[in-house]
Amino acid sequence: MKISNSNRLLKLIKNLVVNPRLIYPYLTMSVFSRRSPLDMCMPWWSFLAIQRADQLMSGKRVFEYGSGGSTLRYAKMAISIVSVEDDENWKRRVEKRLHQKGIENVVIILRLFDFKNPVSFEVSEYISAVDGVDWDVVIIDGQDWSFQERISCFRRVEPRMKPGSLIILDDFWRYEELLDSNRSKSFEVYESVGPARIGVTSTGFFFY
């Protein structure tokens, strides 16, 4: 979904008017902050989605396509987290932060893939890293240059989701087509400003 800069600004203003409690975190974590989501231990999602996920992560076994601030934040709540990364340098950065914070219930596995040339993604070791475990929560937030790889991840994961499980799909505004073709029992979308970003984004929650 492509919109003009003026419409982005209007959307931002409307979102802050509707959610005035987000004005302070928006100013301190986005507008006047140079910290990254990794520095803040925050997912690069909407603030409203982060607040919702905070209610759901306790005692869960979590798989992530893409590690980062979400890994640091939810490792404190979840039983365990397994993340798959395609970037070795980023993997080292996240692991360094985990070590600094004494977090030991996270495993990050490296599965190299060229997302700029996503040939045969559906049969890659990256997408199949989720296989073999019945996860309570799957977070789809890895690289997606073509806006198709996260959809492929969703299609890979959804048939494996057990009753009571959850898929979280970030930047949901790119993938609204999934509303017409999913097996979830219920769906929630949280659209708002978020940390380390100027505009509005949305995150989708699929409950099974």
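What follows is calculated from the coordinates using simple rules that are stated; it is not laboratory data. Everything numeric in this text was worked out from a predicted model, so none of it was measured. Cβ placement follows ideal geometry from the backbone for every residue including glycine, while neighbour counts extend to all protein chains displayed.
Bridge orientation summary for region 5-207: considering DSSP beta bridges with both residues in this region, about 40 percent are antiparallel.
Going 7 Å from the Cα of W145 in the Cα-to-Cβ direction, what parts of region 1-42 have a backbone nitrogen less than 20 Å from that spot? Within reach of a label on W145: 1. For the chain, the relative contact order works out to 26 percent when only alpha carbon pairs closer than 8 Å and six or more residues apart are counted. What the Cβ-Cβ distance of R8 and R35 gives, at R0 = 25 Å and to the nearest 0.05, is a FRET efficiency of 0.65. Treating each Cα of region 102-208 as one equal point scatterer and applying the Debye formula with no solvent, the log10 of I(q)/I(0) at q = 0.19 Å⁻¹ comes out as -1.10. Look at the Cα gyration tensor of region 10-60: its axes a ≥ b ≥ c give a/c of at least 1.5 with a/b at or below b/c, and that counts as oblate. In the elastic network of the chain, a GNM with C-alpha springs shorter than 10 Å, the most mobile of V119, V138, V130 is V119.
Look at where the Cα atoms of region 152-173 and of region 55-102 average out, and the two centres are 18 Å apart. Principal axis extents of the Cα atoms in the chain, from largest to smallest and rounded to whole angstrom, are 45, 43, 35.
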